[in-house]
1. Collect the residues in segment 67-77 that are of a type outside the set (Asp, Glu) and either in a loop (DSSP other than H, G, I, E, B) or surrounded by 15 or more Cβ atoms within 10 Å (Cβ to Cβ) (or both), keeping them in residue-number order.
2. Can you say whether residue 288 is assigned to a helix (DSSP H, G or I), loosely packed, with under 14 Cβ neighbours inside 10 Å, out of contact with any strand residue (DSSP E or B) (no Cβ under 8 Å at 6 or more places or on another chain) and of a type outside the set (Ser, Thr, Tyr), as far as the supplied structure shows?
3. Among the residues of segment 166-179, count how many are out of contact with any Pro (no Cβ under 7 Å at 6 or more places or on another chain), aliphatic (A, V, I, L, M) and open to solvent by 10 Å² or more (accessible area, probe 1.4 Å).
4. Step by step: first the residues of segment 123-165, then only those that are open to solvent by less than 40 Å² (accessible area, probe 1.4 Å) and assigned to a loop (DSSP other than H, G, I, E, B), then the one that is farthest from residue 85 (Cα to Cα). Which residue is that?
5. Looking at the structure I just gave you, is residue 201 touching a Ser or Thr at 6+ places or on another chain (Cβ under 9 Å) and not assigned by the TED database to the domain that holds residue 89?
6. Quick check on segment 199-221: of everything there that is without any contact (Cβ under 8 Å) to a residue 60 or more places away in the chain and out of contact with any strand residue (DSSP E or B) (no Cβ under 9 Å at 6 or more places or on another chain), which residue is most open to solvent (accessible area, probe 1.4 Å)?
7. Restricting to segment 11-36, count the residues that are part of a helix (DSSP H, G or I) and farther than 15 Å from residue 243 by Cα.
8. Got at least one residue in segment 56-66 being open to solvent by 50 Å² or more (accessible area, probe 1.4 Å) and closer than 16 Å to residue 112 by Cα?
Amino acid sequence: MPHKIKGSIMIEGVELTVTNPDKLLWPEAGITKAIYLQKLAALAPYLLTYTRNRLLTTIRYPHGANDTFFYQKNAPEPVPDFVDTQNYEGIRYIVMNGLPELLWLGNLAALEFHPSLHAINSTLPCEWMIDLDPSMEHEPRIMQAALIVGETLSSLGLQSVPKTSGATGVQIIVPITSGVTFDELRDIGHFVGKYVTQKHPELFTLERLKKDRGDRIYFDYLQHYGGKTLAAPYTPRAKPKGTVSTPLTWDEVRRDVSIQDFHLMNIIERLTTVGDLIAAVPPQPMELILKHLKKK
């Protein structure tokens, strides 16, 4: 069969060129660029919720997920007319507001999407995320750790949503009311991190240096800050199975589901059934906890 070099698709009135649609982006999973773009289009209503009106960093893998990659903060030239950009601290960021931008980036082999944690022209966080980062490549205790953090937050009156990073870790997301600052969330994060680390010293660590963590899971409350990024909910990841960063139910965490269970080839079916689990949780009140911490 001849290798199809180029095609084009019409999306919302925009004609997009698709280069090398048969190129394997996730060879082990058999996912070609054409399949990837189809999956991105189906993921768009979920993924774009968490990239809209934010500064976007992508990770591009021109030769597929197993090969060389680079982080892209500055918008690649030329920037099509339909793509919005925003200058911030000397960088011209892409703002991924719609499906044409998403598929344009997908065609450029952007396999991961990491938005800013604040909206454009704001210094306030959009939500709160705690990153549980294993020290080992395969961490069988990651769901146990996530459950402990979720139960600790619940004891403080906070509902939260666990999500797989799509790589090795889990993030715990707390929807928040507008007005809470990054510094206030760091204070709460430090308080929760200290508590779980004291209760479970064999499982958690607050040690920032990887070489000093041993086999413990790093409770990272510092990554959630202005100017930093975390993997967006519903972003694909450049891992062998084409895993996707997926919000979970707490029952799934209790059942010790595997991060590998959620990937590009089954995520749409899941989302059709469960919807966006993050959107189902209302903004959580932080005022009482902050008052309590200020008294200490």
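The values are calculated or read from the model by the stated rules, or taken from the named source; none is laboratory data. This is a predicted model, so every value here is computed, not measured. Don't worry about glycine lacking a Cβ; one is built from the backbone with ideal geometry, like all the others, and counts go over all protein chains shown. Just the protein is used for accessible areas: all its heavy atoms, side chains included, with ligands, DNA and RNA removed. Shrake-Rupley method; radii C 1.70, N 1.55, O 1.52, S 1.80 Å.
1. 68, 69, 72, 73, 74, 75, 76 - these are the residues of segment 67-77 that are of a type outside the set (Asp, Glu) and either in a loop (DSSP other than H, G, I, E, B) or surrounded by 15 or more Cβ atoms within 10 Å (Cβ to Cβ) (or both).
2. In short, yes.
3. Within segment 166-179, residues that are out of contact with any Pro (no Cβ under 7 Å at 6 or more places or on another chain), aliphatic (A, V, I, L, M) and open to solvent by 10 Å² or more (accessible area, probe 1.4 Å) number 1.
4. That would be 139.
5. Taking the combined requirement at face value, the residue does not satisfy it.
6. 211
7. Of the residues in segment 11-36, 2 are part of a helix (DSSP H, G or I) and farther than 15 Å from residue 243 by Cα.
8. There is at least one residue in segment 56-66 that is open to solvent by 50 Å² or more (accessible area, probe 1.4 Å) and closer than 16 Å to residue 112 by Cα.
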